Amino acid sequence: MSRHSHRPSLLASAASRAVRSSGFLVRLVVGVVVLICLLPLLLSDSGALLGGAVRDAAGHGAVRAPQAATADEDDDEDEDDDEDDDEEAAPAAGAQAARAGARAGARASALADAQARTGKGGGRGAPAGSDAASAPESAADAASGAATGAAEGAAAGAAAPVPPTPGAAVPPPAPGGKGAGPGGPLSWAPPAGWASYAIKRVTSTSFTQIDGGGRDVRIELPRDRAVGPIAIRNCRNAVVIGGQIDILPTSQVNGADQRGIYISKCTGTVHVEGVYIKGGVAGSESDGIAVNAPQATVQVQNVRVENMRGGKSGNHADVFQPWGGVREFRIDRLTGSTNYQGLHIGRGLGDIGRGTIRNANIASADLGTVDKGGHFIWMDCNGYPLALDNVYVAGRADREFGRSIWPTAGASGCGAKISGGLATWPGNRSVTGSVREGRPAAGDFVPAGSVGLGYTSPGYA
């Protein structure tokens with residue numbers, strides 16, 4: 001058979017393949033058309049499903065958000081309870097204590113750095129009017145506080161007050177009577193249960209350091225003889241009622257600037273009442289009462305601080321100064337005299353939460369040569385809440401009243417307004433009350449001989 005005899009069958013096979021191919025193409029085209037028609041519908045259903053999923057997720061988020069807010073609010077309430085000295089354990093007390101300890105450590109570390117930079121004496125680079133103590137003991141306190149702040153905060157727990165954060169709201173002062181002048185009841189009582197505290201007796205005529213070990217302590221001074229300066233450290237609550245402290249004829253004691261009473265690292269309420277701090281000793285330089293306890297409330301009542309001696313180039317001879325910070329200070333009935341400066345209550349190296357001064361008079365001590373100074377009350381401009389009630393300043397004989405207080409009348413922003421021997425600070429939003437020139441008409445609020453040896457408390461309002 002010739003090769004041409006197979007041509008018809010080949011043509012038939014080719015035709016069959018063409019038909020099959022065209023059928024496939026037709027089916028493909030039909031499928032694409034159907035898909036195009038169904039695509040909007042598919043997208044709509046997918047959108048509904050996706051939208052539902054998103055709405056469900058949003059709904060679950062809305063449930064969780066209030067829970068998170070509630071947890072934060074609980075934390076805030078727990079912190080408020082700590083600041084109000086609530087004794088009940090809060091669910092987050094341990095964490096709060098750690099935070100409080102960390103804050104205390106950070107504050108102490110900053111204090112140490114500041115002390116290293118400035119020092120106390122103006123001649124060592126401190127700004128005018130500042131009182132940054134540079135004593136080794138003080139620097140050691142700051143460094144130790146940085147290392148142990150967290151541990152102390154955790155140990156104290158809810159019972160230890162938390163120091164206020166600078167700029168934060170401070171709880172109102174504890175209730176206290178207005179006092180009734182010499183002989184009347186005092187404004188604030190010691191902490192509850194103080195009579196049963198462990199007793200530490202002071203007998204030394206040189207220097208005594210009382211370490212409370214983080215607990216409550218009752219410090220007894222002799223009723224029949226004077227002792228030397230004391231330092232109260234590392235306590236929760238502490239109470240000193242009555243007794244006489246004689247300033248020593250030196251500028252430093254135990255390697256630190258001399259203070260009649262030094263309060264350091266306490267965390268509760270420190271109550272100092274009926275103590276007579278006697279100065280005027282040749283060769284002495286000393287503060288009356290100094291505080292470096294940012295977590296503590298310090299009460300100074302019926303106290304006489306007499307003839308503190310110092311100067312700009314050495315100890316600044318403050319009658320009272322919370323130079324390292326204090327949560328709150330409360331003064332009712334304080335008489336003091338000094339040749340340098342009196343109530344130095346500005347926030348130098350530590351925050352102050354609140355202050356109250358009632359029935360206080362500060363006067364210049366005539367102790368011969370003076371080394372500058374002369375401001376017998378020194379306050380911040382728009383600092384912390386400070387209430388002044390029945391406060392008197394009798395400055396140096398050669399210095400006018402307007403230059404015996406700070407801020408003075410010429411101070412920028414919150415200068416004093418002086419009229420009829422009365423100083424007010426209308427531009428200082430943090431200060432209420434006034435300071436009057438001179439001495440109280442009835443004499444010192446704490447007369448000589450009314451406190452010290454054999455002291456008996458008049459009770460509390």
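Evaluate the following for Gly410: is it small (Gly, Ala, Ser), under 26 Å from Gly383 (Cα atoms), out of contact with any Ser or Thr (no Cβ under 7 Å at 6 or more places or on another chain) and assigned to a loop (DSSP other than H, G, I, E, B)?
Considered against the rule, which asks whether it is small (Gly, Ala, Ser), under 26 Å from Gly383 (Cα atoms), out of contact with any Ser or Thr (no Cβ under 7 Å at 6 or more places or on another chain) and assigned to a loop (DSSP other than H, G, I, E, B), Gly410 comes out as yes.
Looking at Gly177, is it at pLDDT below 95, part of a helix (DSSP H, G or I) and either farther than 22 Å from Gly452 by Cβ or open to solvent by 50 Å² or more (accessible area, probe 1.4 Å) (or both)?
Criteria not met by Gly177.
Among the residues of the range 274-287, which ones are at pLDDT 95 or above and either closer than 17 Å to Pro322 by Cα or touching an Asp or Glu at 6+ places or on another chain (Cβ under 8 Å) (or both)?
Selection gives Tyr276, Ile277, Lys278.
So Glu400 fits all but one of (1) out of contact with any Gly (no Cβ under 8 Å at 6 or more places or on another chain); (2) open to solvent by less than 10 Å² (accessible area, probe 1.4 Å); (3) more than 30 Å from Arg225 (Cβ to Cβ); what number is the exception?
Failing condition for Glu400: (2).
Based on this model, can you work out whether Gly342 counts as more than 17 Å from Trp323 (Cα to Cα) and open to solvent by less than 40 Å² (accessible area, probe 1.4 Å)?
no
If you take just the strands (runs of 3 or more DSSP E) that sit entirely in the range 217-271, which of them hold at least 1 residues that are basic (Lys, Arg)?
By residue number, 217-220, 230-233, 259-264.
With the range 415-461 as the region, which strands (runs of 3 or more DSSP E) entirely inside it contain at least 2 residues that are free of Cβ contacts under 8 Å to residues at least 24 places away in the same chain and closer than 23 Å to Arg396 by Cα?
417-419, 422-424
Taking Asn302 as meeting all but one of (1) under 21 Å from the mean Cα position of the chain (by Cα); (2) closer than 16 Å to Leu343 by Cα, write down the number of the exception.
All conditions are met except number (1).
Can we say Ile357 is part of a strand (DSSP E or B) and open to solvent by 40 Å² or more (accessible area, probe 1.4 Å)?
No: the conditions fail for Ile357.
Rundown of residues vs (1) under 15 Å from Ile261 (Cβ atoms); (2) free of Cβ contacts under 8 Å to residues at least 24 places away in the same chain; (3) open to solvent by 60 Å² or more (accessible area, probe 1.4 Å), yes/no style:
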residue	(1), (2), (3)
Arg201	no, yes, yes
Ser204	yes, no, no
Gly212	yes, no, no
Val217	yes, yes, no
Leu221	yes, no, no
Pro229	yes, no, no
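Select from the range 231-268 the residues that are hydroxyl-bearing (Ser, Thr, Tyr) and modelled with pLDDT of 95 or more and write down the one among them that is surrounded by the fewest Cβ atoms within 10 Å (Cβ to Cβ).
Ser264
Scan Leu367, Leu349 and give me the residue that is open to solvent by 10 Å² or more (accessible area, probe 1.4 Å), in contact with a strand residue (DSSP E or B) (Cβ under 8 Å, 6 or more places away or on another chain), of a type in the set (A, V, I, L, M, F, W, C) and at pLDDT below 95.
The unique qualifying residue is Leu367.
Could you please find all residues in the range 392-414 being touching a residue at least 40 places away in the same chain (Cβ under 8 Å) and of a type in the set (A, V, I, L, M, F, W, C)?
Scanning the range 392-414 gives Val393, Ala394, Trp406.
Read through the list (1) touching a residue at least 24 places away in the same chain (Cβ under 8 Å); (2) open to solvent by 10 Å² or more (accessible area, probe 1.4 Å), then give the number of the only condition that Ser196 fails.
Status for Ser196: all satisfied but (1).
Can you name the residue in the range 370-391 that is closer than 14 Å to Ala317 by Cβ and touching a residue at least 60 places away in the same chain (Cβ under 8 Å) and, of all such residues, is least open to solvent (accessible area, probe 1.4 Å)?
Among those that are closer than 14 Å to Ala317 by Cβ and touching a residue at least 60 places away in the same chain (Cβ under 8 Å), it is Gly373.
Give the residues of the range 277-331 that are assigned to a loop (DSSP other than H, G, I, E, B), open to solvent by 10 Å² or more (accessible area, probe 1.4 Å), in contact with a helix residue (DSSP H, G or I) (Cβ under 7 Å, 6 or more places away or on another chain) and not hydroxyl-bearing (Ser, Thr, Tyr), sorted by residue number.
The one that is assigned to a loop (DSSP other than H, G, I, E, B), open to solvent by 10 Å² or more (accessible area, probe 1.4 Å), in contact with a helix residue (DSSP H, G or I) (Cβ under 7 Å, 6 or more places away or on another chain) and not hydroxyl-bearing (Ser, Thr, Tyr): Lys312.
The values are calculated or read from the model by the stated rules, or taken from the named source; none is laboratory data. In this text the structure is predicted, and so the values were computed from the model without any measurement. Neighbour counts are summed over all protein chains in view; Cβ atoms, including those assigned to glycine, are modelled from backbone coordinates with ideal geometry. To get the accessible areas, we keep the full protein, side chains included, count just its heavy atoms, and leave off ligands, DNA and RNA. Shrake-Rupley method; radii C 1.70, N 1.55, O 1.52, S 1.80 Å.
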